[in-house]
Amino acid sequence: MRDMVPLRERYLRDSLPVRLGGLAANLRRIRSYAGHENGGEAVVSLIEECKYFIEWSAAEAPADTAVQLVDLQVQLARWLHHWARIWPDPISRQRLAEHSLVWSERVLGLSGLLPSQTSPARPPEKT
């Protein structure tokens, strides 16, 4: 296992929104690698890294965000627990990829890095 101390120190330098954005990016990478039969090792590594990112961020997150991060942590653990069944099966791998994308979008929304989708955009001012 790789030494996580340097990664943790680097990760914790960023604000919580940026950290959540990094978590969302990792989840998208999982989606990408899951599409390749040879990507199993990379997916496992990314899942493990995501678990650490959640551990290092959840305590600082608002309660509702922390709850969702814990739900994601459980999902990641399930994927690893069932890994021997998931990875060889293309349909299971595809499902993992789809769920990873959904989680990525969800976490990105939690990060606050995207403009709010709930309020309509203000029309441009006339000049």
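The values are calculated or read from the model by the stated rules, or taken from the named source; none is laboratory data. As the structure is a prediction and not an experimental result, all values here were calculated from the model. For neighbour counting, all protein chains shown are included, and Cβ atoms are generated from backbone atoms with ideal geometry for every residue, glycine included.
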Exercise. Regarding ALA84, is this residue among the hydrophobic types (A, V, I, L, M, F, W, C), at pLDDT 95 or above and either surrounded by 12 or more Cβ atoms within 10 Å (Cβ to Cβ) or part of a helix (DSSP H, G or I) (or both)?
Worked result: yes
For this session: For ALA25, state whether it is modelled with pLDDT of 95 or more, under 29 Å from ALA84 (Cα atoms), assigned to a helix (DSSP H, G or I) and not basic (Lys, Arg).
Result: yes
Problem set entry | Condition check for TRP79: closer than 25 Å to LEU113 by Cα and among the hydrophobic types (A, V, I, L, M, F, W, C) | no
Problem set entry | Residue satisfying all of: in region 1-27; among the charged types (D, E, K, R) and over 18 Å from ALA66 (Cα atoms); surrounded by the most Cβ atoms within 10 Å (Cβ to Cβ) among these | ARG8
